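Accompanying notes for the structure given below.
The values are calculated or read from the model by the stated rules, or taken from the named source; none is laboratory data. These numbers were taken from a predicted model, which means no experiment stands behind them. Quick reminder, even Gly has a Cβ in these numbers, built from the backbone with ideal geometry, and neighbours come from all protein chains shown. Areas reflect the complete protein model, heavy atoms only, side chains present, ligands, DNA and RNA absent. Shrake-Rupley method; radii C 1.70, N 1.55, O 1.52, S 1.80 Å.
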Amino acid sequence: MSVLRASFLRRSVVAASALALAACGPKPPLRVMACDAAPAAPVTLAADGQTASATLSVLTYNLEGLGWPARKGRAAELRQIGARLAAMREAGTAPDVVLFQEMFSGAAKRAVAASGYPAIAPGPRRLTKPWIADHAKMAGKAKPLKGELGIKLLGGGLAIASRYPIVDTALDAYGRRACAGLDCLSNKGVMLARIAMPGVPAPIDIYNTHMNSRGASGVSAARDGEAHARQAIAASEFIGRTQDLAVPLIFGGDFNMRHSEDRWAGFSEYHPLTLVHEICIDPASGCEVKMSWDGDAPWMDTQDLQFFADGEQVTMRPIRVEALFDGGASGPQLSDHDGFLVTYELRWPAAMAAHPAC
């Protein structure tokens, strides 16, 4: 055995052992909110009395919550994330909903729990089975030394936290034939949390995902690109199976499409949703941009995105976008991702009857 191959093997064994230990760590946080504890959403009636509106703020945030040996020394920053979100909640300035990614380590799971949100739903676990399990084999040979072991050592690292009750959930894993490289060590997937806002006459379907990485996966661009394309299809089919077409929809997460025209083209083919960036880049949209954007297509410069769609009677539009924990006024940079915060306006006919929250 060559020295190089032996080195790869040793590193692979160390990584697998560490991740296996992480899999035995604390369970992802799960918190159920009683319906009678739900705060009323502030509702505004238009001057003509014909329409009513409310706002919903949604943060997507990759915690950089990988465990050793992929990351080390992250515990202090992760504690700060939990503490800062809890302090914002106490002050009434926290996002209404947070979509977390990379919640792998024990410290990351504790940070999500410490945020203090009364409703928390975790995403796919290590043994969650994919809905689509009959994918053909990936092109080329599997790379066991790059994480393609055929087994999952970790869950998907996803969670959705909410100040409003989560009244329904669903989740799906992408599966071992829809991943590439080191991403295959975790059971990445997609999840739904249906949020009920007292005073708003329809719930909101909120989806969260973390898709296959590019260079960080450690395999060829062709191989990680094929995995990403399969995940785009699986996420689209999951949304098609689980969404309620009568209610608004938000789809956020770490899509790993930065600087990749090919990934964007493949994803867009299966997801005819409206991208928040494309609305807010138009000065006439009424969307306030409180973050730095460069170029004509700022969505190409980030992994962290949100898409949305109207319901039958409750419509939705972004009215403000901003960064959180980006090293500026919003707080120190505590992850290798900035938080991406979108505030949406929900609007509906004032005569529309409000249903019970749960």
In this structure, does VAL247 turn out to be part of a loop (DSSP other than H, G, I, E, B), among the hydrophobic types (A, V, I, L, M, F, W, C) and open to solvent by less than 30 Å² (accessible area, probe 1.4 Å)? yes
So how many residues does the stretch 47-84 have that are out of contact with any strand residue (DSSP E or B) (no Cβ under 7 Å at 6 or more places or on another chain) and of a type in the set (A, V, I, L, M, F, W, C)? 6
Does the stretch 267-277 include one or more residues that are of a type in the set (Val, Ile, Thr), open to solvent by 30 Å² or more (accessible area, probe 1.4 Å), over 30 Å from ARG79 (Cα atoms) and in a loop (DSSP other than H, G, I, E, B)? no
Considering only the stretch 149-163, how many residues are on the phi < 0 side of the Ramachandran plot, surrounded by 24 or more Cβ atoms within 10 Å (Cβ to Cβ) and touching a Leu at 6+ places or on another chain (Cβ under 9 Å)? 6
Can you pull out the residues in the stretch 44-67 that are within 25 Å of ARG110 (Cα to Cα) and assigned to a loop (DSSP other than H, G, I, E, B)? LEU66, GLY67
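Give me the strands (runs of 3 or more DSSP E) completely within the stretch 292-358, filtered to those with at least 3 residues that are free of Cβ contacts under 8 Å to residues at least 40 places away in the same chain, ordered by residue number. Steps first, answer last, please.
Values: elements: 304-309, 315-324, 339-349.
The qualifying strands (runs of 3 or more DSSP E) are 315-324.
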Contacts under 6 angstrom Cβ, first residue in the stretch 227-242 being within 13 Å of ALA173 (Cα to Cα) and free of Cβ contacts under 8 Å to residues at least 60 places away in the same chain, partner buried (at least 23 other Cβ atoms within 10 Å of the Cβ) and small (Gly, Ala, Ser), 6 or more apart: GLN231/ALA178
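Here is a yes/no grid of residues against (1) over 30 Å from PRO42 (Cα atoms); (2) modelled with pLDDT of 95 or more:
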{"position": "ASN187", "(1), (2)": "yes, yes"}
{"position": "ILE206", "(1), (2)": "no, yes"}
{"position": "GLY218", "(1), (2)": "yes, no"}
{"position": "ASP224", "(1), (2)": "yes, no"}
{"position": "LEU245", "(1), (2)": "no, no"}
{"position": "GLY252", "(1), (2)": "no, yes"}
{"position": "ASN256", "(1), (2)": "yes, yes"}
{"position": "ASP262", "(1), (2)": "yes, no"}
{"position": "GLY295", "(1), (2)": "yes, no"}
For the stretch 74-104, how many residues meet the condition of being surrounded by fewer than 24 Cβ atoms within 10 Å (Cβ to Cβ) and within 12 Å of SER162 (Cα to Cα)? 3
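Quick check on my filter: what residues within the stretch 205-231 are under 12 Å from PHE267 (Cβ atoms) and surrounded by 24 or more Cβ atoms within 10 Å (Cβ to Cβ)? Spell out the reasoning first.
Taking the stretch 205-231 and keeping what is under 12 Å from PHE267 (Cβ atoms), we get 209, 211-212, 225, 228-231.
Of everything in the stretch 205-231, those that are under 12 Å from PHE267 (Cβ atoms) and surrounded by 24 or more Cβ atoms within 10 Å (Cβ to Cβ) turn out to be THR209, MET211, ASN212, HIS228, GLN231.
Within the stretch 323-343, how many residues turn out to be within 25 Å of ALA52 (Cα to Cα) and surrounded by fewer than 22 Cβ atoms within 10 Å (Cβ to Cβ)? Break it down stepwise before answering.
Looking only at the stretch 323-343, we keep the residues that are within 25 Å of ALA52 (Cα to Cα), and these are 341-343.
Checking the rest, the ones that are also surrounded by fewer than 22 Cβ atoms within 10 Å (Cβ to Cβ) come to 343.
Total satisfying the criteria: 1.
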Those residues of the stretch 151-173 which are part of a strand (DSSP E or B) and in contact with a helix residue (DSSP H, G or I) (Cβ under 6 Å, 6 or more places away or on another chain) amount to LEU154, ALA159, ALA170, ASP172
Consider only pairs whose beta carbons are under 8 Å apart and that are at least six residues apart or on different chains; among these, list those whose first residue lies in the stretch 167-182 and is over 30 Å from ASP36 (Cβ atoms) and whose second residue is open to solvent by 10 Å² or more (accessible area, probe 1.4 Å) and hydroxyl-bearing (Ser, Thr, Tyr). ASP172/THR128; ALA173/THR128; GLY181/SER213; LEU182/SER213
Which one is farthest from ALA234 (Cα to Cα), of the residues in the stretch 107-145 that are assigned to a helix (DSSP H, G or I) and open to solvent by 60 Å² or more (accessible area, probe 1.4 Å)? ARG110
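Please verify whether ALA173 is among the hydrophobic types (A, V, I, L, M, F, W, C), under 21 Å from GLY253 (Cβ atoms), crowded, with 17+ Cβ neighbours inside 10 Å and in contact with a Leu (Cβ under 7 Å, 6 or more places away or on another chain), treating the condition exactly as stated. Explain how you work it out, then say what you get.
Numbers: among the hydrophobic types (A, V, I, L, M, F, W, C): yes; under 21 Å from GLY253 (Cβ atoms): yes; crowded, with 17+ Cβ neighbours inside 10 Å: yes; in contact with a Leu (Cβ under 7 Å, 6 or more places away or on another chain): no.
Here the answer is no, as ALA173 does not meet what is asked.
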